[in-house]
Amino acid sequence: MKVTLQHLTKKYPARGKGQQKEVIAVNDFTFEIPDGKLIGLLGPSGCGKSTTLNLLSGLQTPTSGRIFFGEEDVTDLPPQNRGVGLVFQNYALYPHMTVRQNILFPLQNLKGKDKPSKEDMERRALEAAKLVQLGDLMERKPAELSGGQQQRVAIARALVKMPRILLLDEPLSNLDARLRLQTREEIRRIQRETQITTIFVTHDQEEAMSISDQIVVMKDGIIQQIGQPQKVYDDPINLFVAKFLGTPPINVFSGEVKDQRLFIGGADVLKAPGVADQPVWVGIRPEGFVLEESGPLCCALQGVEVMGRDITVVAGHPDCENTAIRAIISAENTVNAASETVSFALKPNKVFLFSRETEGRLL
Ligand code: ADP
Ligand code: MG
């Protein structure tokens, strides 16, 4: 099912006597989520991710704007009539019920002609449990399951009603690192198998990048950029997006463009064709550095971390805002750890220039 947001806006009124300003949690969102895709809503805490999800589920009503599922305008439909499956960070299972009973619960709650026969309910509950690979654990209680298994029960419970849209709000946040990885792959597999249009909310860029067909990067209730994860990484629209995506993070220098050349700390480091003379922010991805003895960007060497496939050169530069520059280079290189300085040339496609005033990308 395709999902369309049209000028969707949610404002929370100011509280108290002018002590707190009105918050625009979701500011004029207009975009389309293609049928059958997994979309990652990504941004720091407080940027409006949960509010967006709650507007889609119907738990909250927008201040203005419309929501369409397919061609149907669902903006005024109550949540139970929207056909959405919801999964939250805290799995919220009924502790006294078995896995089977937990998954059956939403079906038993259906009324009138929507309510399937008993056999149908059992069959669908088992199907959903098998989909999340819990078919053998149907008689367990939540306390007898790992966190990852509990979250899979919550996903099965959301799927059993055969929702038109699946909405997941930070579903992996309560899991430890290893389960987080496993469960996110599991979610990707389930989504591929069911082909349900899925919206996955997270503040974790790596999580969003790894499972999404498209990411929507948000900040302060405003969409910054929408696109395939790799495209957004390779072509960030502004400094915020460039800094938000990537581990280790992008290295940000203050620099200056003069006569179509880029200078960092007085050193002429790269061509800057078509960019007007101005002070700029320079973002250099960790993989954008090339070790070169006579390279133009000279840094103070702080350390060398050998990681098998790669070497991370840790360095410092007075014009870099990161306390430590991290340059990732192939392990075929050798770096003299005793040396005081290290020099780099730069890969042009890994260097981005941003306006100092607007922080927008300069092309
Ligand atoms: P996220 O899920 O990205 O962390 P939220 O959607 O929860 O962000 O919140 C977005 C903004 O709206 C935040 O500034 C938050 O403080 C504010 N907010 C959320 N819910 C309410 C509410 N019920 N009343 C007032 N402000 C709220
Ligand atoms: Mg949230």
### strands (runs of 3 or more DSSP E) enclosed by segment 1-117 - at least 2 residues per element that are touching a helix residue (DSSP H, G or I) at 6+ places or on another chain (Cβ under 6 Å) and closer than 30 Å to residue 144 by Cα
84-87
## Note on the structure
Contact list, first residue from segment 266-281 and in the same structural domain as residue 356 (by TED's automatic domain parsing), second anywhere and surrounded by 16 or more Cβ atoms within 10 Å (Cβ to Cβ) and of a type in the set (Phe, Trp, Tyr), beta-carbon distance below 6 Å, six or more apart or interchain, is 281/354
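Is it the case that segment 167-180 has a residue that's surrounded by fewer than 17 Cβ atoms within 10 Å (Cβ to Cβ) and either within 16 Å of ligand 2 (Cβ to nearest atom) or part of a strand (DSSP E or B) (or both)? Walk me through it before giving the result.
Going through segment 167-180, the residues surrounded by fewer than 17 Cβ atoms within 10 Å (Cβ to Cβ) turn out to be 173-174, 176-178.
Filter once more, keeping what is either within 16 Å of ligand 2 (Cβ to nearest atom) or part of a strand (DSSP E or B) (or both): 173-174.
Checking segment 167-180: at least one residue is surrounded by fewer than 17 Cβ atoms within 10 Å (Cβ to Cβ) and either within 16 Å of ligand 2 (Cβ to nearest atom) or part of a strand (DSSP E or B) (or both).
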### Exclusive hit being more than 16 Å from ligand 2 (Cβ to nearest atom), under 23 Å from residue 200 (Cα atoms) and surrounded by fewer than 19 Cβ atoms within 10 Å (Cβ to Cβ), set 127, 119
127
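Check segment 160-171 and report whether any residue there is over 22 Å from residue 69 (Cα atoms) and within 16 Å of ligand 1 (Cβ to nearest atom). Break it down stepwise before answering.
The initial filter retains those residues of segment 160-171 that are over 22 Å from residue 69 (Cα atoms), namely 170-171.
Pick out the ones that are also within 16 Å of ligand 1 (Cβ to nearest atom) and you get 170-171.
Yes.
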### Query
Hey, does segment 65-72 have a residue that's among the β-branched types (Val, Ile, Thr), out of contact with any strand residue (DSSP E or B) (no Cβ under 8 Å at 6 or more places or on another chain) and crowded, with 18+ Cβ neighbours inside 10 Å?
no
### Summary
Counting only residues in segment 246-294 that are hydroxyl-bearing (Ser, Thr, Tyr) and under 32 Å from the mean Cα position of the chain (by Cα), the one farthest from residue 332 (Cα to Cα) is identified as 254
### Message
Restricting to segment 307-326, give me the number of residues that are free of Cβ contacts under 8 Å to residues at least 60 places away in the same chain and either in a strand (DSSP E or B) or under 27 Å from the mean Cα position of the chain (by Cα) (or both).
### Response
10
### Query
If you go through segment 23-76 one residue at a time, how many are away from ligand 1 (no atom under 13 Å from the Cβ) and over 12 Å from residue 201 (Cα atoms)?
23
## Note on the structure
The correct count of residues that are within 13 Å of ligand 2 (Cβ to nearest atom), out of contact with any Lys or Arg (no Cβ under 7 Å at 6 or more places or on another chain) and either under 12 Å from residue 8 (Cβ atoms) or without any contact (Cβ under 8 Å) to a residue 12 or more places away in the chain (or both) in segment 49-69 is 3
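Search segment 137-159 for residues being among the aliphatic types (A, V, I, L, M) and in contact with a strand residue (DSSP E or B) (Cβ under 9 Å, 6 or more places away or on another chain), and hand back the single one that is farthest from ligand 1 (Cβ to nearest atom).
Initial filter on segment 137-159 (among the aliphatic types (A, V, I, L, M)): 137-138, 143, 145, 153-156, 158-159.
Okay, now just the ones that are also in contact with a strand residue (DSSP E or B) (Cβ under 9 Å, 6 or more places away or on another chain), so 154-155, 158-159.
Working: 154: 18, 155: 20, 158: 18, 159: 23 Å.
Only one residue tops the list, namely 159.
The values are calculated or read from the model by the stated rules, or taken from the named source; none is laboratory data. Small disclaimer: the values here were computed from a predicted structure and weren't measured. In this analysis, Cβ positions are derived from the backbone assuming ideal geometry, glycine residues included, and neighbour counts consider all displayed protein chains.
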